[in-house]
């Protein structure tokens, strides 16, 4: 895995191999990340990275939030409960030297602490087929993590319906990954 574009373009991230199925660690491939970030930066959504505060739920390796930082996001908060994922995120933060712009919350994405610093860009990549995404989105909203008009990028094995308070902006399919982009 590597950073696709921006300040850290081409920088390698910590190796995860084929992931950790037991921990539901299934990294988004470079190809899917590149397509996803090209879609987001294509103009339709403005510049969602410039000065953004990013929330990366079910962060896994942290690659999505780190890619956003490379492209101009101001800060990123990674939420990951798995020990393997937490170690990978810490390793990747160290590799990129971005500890000042990041925070790792080692917790379940359904049980977030409250915040007074809402995020404008949210990545949501829950374990596929477990119906955790909308629950995590609701928990994040209830705890103050989602800014008005925030952009939500939701990866799952099927296209997702927008929960109350959100609207679907776009859906794309990349192999077995469906990306649903929503607005708060």
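The values are calculated or read from the model by the stated rules, or taken from the named source; none is laboratory data. The structure presented is a predicted model; accordingly, all values stated were derived computationally and were not measured. Note: ideal-geometry Cβ built from the backbone for every residue, glycine included; neighbour counts use all protein chains shown.
Does residue 164 count as at pLDDT below 95 and within 22 Å of residue 37 (Cα to Cα)? The answer is no for residue 164. Residue count for segment 36-82 under the criterion of being surrounded by fewer than 19 Cβ atoms within 10 Å (Cβ to Cβ), outside any strand (DSSP E or B) and out of contact with any helix residue (DSSP H, G or I) (no Cβ under 8 Å at 6 or more places or on another chain): the result is 11. Is it the case, given these coordinates, that residue 136 is in contact (Cβ under 8 Å) with a residue 40 or more places away in the chain, more than 23 Å from residue 3 (Cβ to Cβ), in contact with a helix residue (DSSP H, G or I) (Cβ under 9 Å, 6 or more places away or on another chain) and crowded, with 18+ Cβ neighbours inside 10 Å? The answer is no for residue 136.
Would segment 134-152 turn up any residue that is outside any helix (DSSP H, G or I) and farther than 24 Å from residue 69 by Cβ? Checked against the condition, which is being outside any helix (DSSP H, G or I) and farther than 24 Å from residue 69 by Cβ, segment 134-152 yields no hits at all.
If I ask for residues that are under 17 Å from the mean Cα position of the chain (by Cα), closer than 18 Å to residue 92 by Cα and either in a loop (DSSP other than H, G, I, E, B) or modelled with pLDDT under 80 (or both), which ones from segment 17-35 would you list? Result: 19, 25, 26, 27, 28, 29, 30.
The number of residues in segment 94-131 being surrounded by 14 or more Cβ atoms within 10 Å (Cβ to Cβ), part of a loop (DSSP other than H, G, I, E, B) and more than 17 Å from the chain's Cα centre (by Cα) comes to 1.
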